[in-house]
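Participant: A single structure is presented below for examination.
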Amino acid sequence: QGQGDYRILHEAALRDYLAGVADLAATLGGEPASWSITEVGDGNLNLVFIVKGGRGGIAVKQALPYVRLVGESWPLPLSRAHYEYLALSRQAELAPGLVPALLHHNEALALTVMELLEPHIIMRKGMVAGSQYPRFVDDITTFMARTLFFTSDLAVSAAEKKQGIAAFAGNHALCKITEDLIFTDPYRVAEQNRWTAPYLDALAAELREDMDLHVAISRLKLKFMASPEALLHGDLHTGSIMVTGGETRVIDPEFAFYGPMGFDVGAVLANLLMAYFASAGHERTPGERRAFEAWVLETVETVWNDFTRKFLELWRAGAAGDAYPASLFAGETGAARLEAERQAYMQRLFADTVGFAAAKTIRRIFGLAHNIDFELIEDPRRRAISEARAVRLARAMMLEVGAFPTIADVTAAARKLR
Ligand code: ADP
Ligand code: MG
Ligand code: MG
Ligand code: MG
């Protein structure tokens, strides 16, 4: 099938299509006419249908040739469905059980069928409601440590690494969205920007004039563009994580490409910190969400600490890549120097993570795509208070890198601002 075969499959066409794929029809069970089909896409880009039959259910995701949030005036290549499928396949190998199982993919239709995650909910929604997720830290740190380590030069040969980069290099239109919406637009006048006016007008103006900040965000942008360290998820916010009390699944890797590891880790930390600052805006009585807020900050710390521990364990156990050749680190002296270098590597990764977390925060408050953590705070004055606290921390994280040598310095600063 060529690209010419693409068409948007709305309900009736989707039913016919699924009925024609024997495995999927069998998974659903019963007569195709009896299947329920509901569009549930709440993301910014694509269509997602939940289909249920007499036996079971599936989730169907189809890319649109444009950005859903904006409309046909903003075209976006269908090939992102190919990269999402490729990334999901790699993640399933590297972090088994932490992504939805893949059931079917049609390249020409830019359509992927996955395991239906049920009763999982989007983690961000759960956090707005004040829910805690005890499995989250262990699962997300396993996901990040394994997908990042095993696609890096620490784990694979130089040839394999470059083949990996090549396989995702065509996903540049999705990278460009990040480059524009995260690393550029919030710091200049851009038509798509919005913020909680008038309360944040002054802060928005400061972002447009602060040259120190413009240098810092441009450095981060360059790092994003020019550091193919590992295969990233590329959009690892709490809206791309589905959870129950006992399970975690990472979805929606359509922004996948080879980039700097700190971008994924920073995305997770930024979204936890935003949930923390937003929490005050969701309380009906003062102090009501204190236990939740304590859990969020503890989670920020354990995500970084457990990620570091797992990443280092993988590195110590089996560095099969071409970086840091064992022949250069022989004997006790070599082993000691290599271990010191591993620690230094994690320190650099932490500095990147802090910067990217800051960038991911600022874009959610001044850029195009906002998140429900803040958006669901109805009173704009209260919302602005939460948002301004998050921005204050983010600015410090971007500009005063030396002030955050450890993750505990980040949570301490967050606690002070609350
Ligand atoms: P987009 O790329 O447009 O953001 P997502 O992949 O994030 O699309 O999916 C949008 C929504 O669809 C998710 O927020 C979630 O509610 C739902 N969804 C996606 N995949 C599944 C799945 N496998 N099972 C159940 N619901 C899903
Ligand atoms: Mg999404
Ligand atoms: Mg996003
Ligand atoms: Mg998406």
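Participant: Work out the FRET efficiency for Ile385 and Glu332 from their Cβ-Cβ distance, taking R0 = 45 Å, and round it to the nearest 0.05. Don't skip to the end; give the middle numbers.
Facilitator: Working: r = 55 Å, r/R0 = 1.23.
E between Ile385 and Glu332, to the nearest 0.05, is 0.20.
Participant: Tell me, in nm to one decimal, what length is gained between Tyr345 and Arg415 on full extension, where the rule is 0.36 nm per residue of separation less the Cα-Cα distance?
Facilitator: So the chain would gain 22.4 nm between Tyr345 and Arg415.
Participant: From the helices alone, meaning DSSP H stretches of at least four residues, give me the mean residue ellipticity at 222 nm for the chain, per-run term -39500 (n - 2.57), in deg cm²/dmol to the nearest 500.
Facilitator: Rounded to the nearest 500, the figure is -17000 deg cm²/dmol.
Participant: Work out the length of the dipole vector of the chain about its Cα centre, built from +1 on the beta-carbon of each Lys and Arg and -1 on the beta-carbon of each Asp and Glu, and round it to the nearest 20 debye.
Facilitator: 640 debye
Participant: Pick out, in residue order, every one of the trypsin sites (Lys or Arg not before Pro) in segment 261-346 that is DSSP loop and has at most 10 other C-beta atoms within 10 Å; say none if there are none.
Facilitator: Arg284
Participant: Please give, to one decimal in nm, the separation of the simple spin-label points placed at Tyr324 and Thr38, each 7 Å out from Cα toward the Cβ.
Facilitator: Taking the simple label geometry, Tyr324 and Thr38 are separated by 4.8 nm.
Participant: With the crude spin-label approximation of a point 7 Å out along Cα→Cβ, what separation in nm comes out for Lys162 versus Glu72?
Facilitator: 4.4 nm
Participant: Within the chain, which DSSP H helices have Cα atoms that stretch 18 Å or more along the helix axis and a mean Kyte-Doolittle hydropathy of at least -1.0?
Facilitator: Counting only whole DSSP H runs, the qualifying helices are 80-94, 136-149, 211-226, 261-282, 290-317, 331-366, 380-399.
Participant: Taking R0 as 22 Å, what's the FRET efficiency between Glu400 and Ala202 from their Cβ-Cβ distance, rounded to 0.05?
Facilitator: 0.60
Participant: Say each of Arg188 and Ile372 gets a label point 7 Å from the Cα, pointing the same way as Cα to Cβ; how far apart are those two points in nm?
Facilitator: Going from the Arg188 label point to the Ile372 one covers 3.3 nm.
Participant: By its C-alpha gyration tensor, with a ≥ b ≥ c as the square roots of the eigenvalues, how is the chain shaped: rounded for a/c under 1.5, else prolate for a/b larger than b/c, else oblate? Before the final figure, lay out each step's value.
Facilitator: Details: a/c = 1.56, a/b = 1.16, b/c = 1.34.
Cα axes put the chain in the oblate bin.
Participant: Rounded, prolate or oblate: which fits segment 8-115 when a ≥ b ≥ c are the square roots of the eigenvalues of the alpha-carbon gyration tensor, with rounded for a/c under 1.5 and prolate only if a/b beats b/c?
Facilitator: Oblate, because a/c is 1.5 or more while a/b does not exceed b/c.
Participant: Let me ask something additional. Which residues make up the longest stretch of the chain that has no GluC sites (Glu not before Pro) in a DSSP loop with at most 16 other Cβ atoms within 10 Å?
Facilitator: Answer - 1-190.
Participant: Full-extension gain between Arg55 and Ala92, please, as 0.36 nm times their residue separation minus the C-alpha to C-alpha distance.
Facilitator: So the chain would gain 10.9 nm between Arg55 and Ala92.
Participant: Round to a whole angstrom and tell me the spacing of the C-alpha centers of segment 192-216 and segment 25-101.
Facilitator: Result: 36 Å between the Cα centres.
Participant: Here is a follow-up. Remind me, relative contact order of segment 1-116 in percent, using alpha carbon pairs under 8 angstrom and six or more residues apart? Kindly include the intermediate steps, with their values, before the conclusion.
Facilitator: Numbers: 195 pairs, mean separation 26.8, N = 116.
With pairs under 8 Å counted, the relative contact order is 23 percent.
No value in this document is a laboratory result; all are computed from the given coordinates. Please read these numbers as outputs of a predicted model, since none were measured by experiment. Cβ atoms come from the backbone with ideal geometry, glycine included; neighbour counts cover every protein chain shown.
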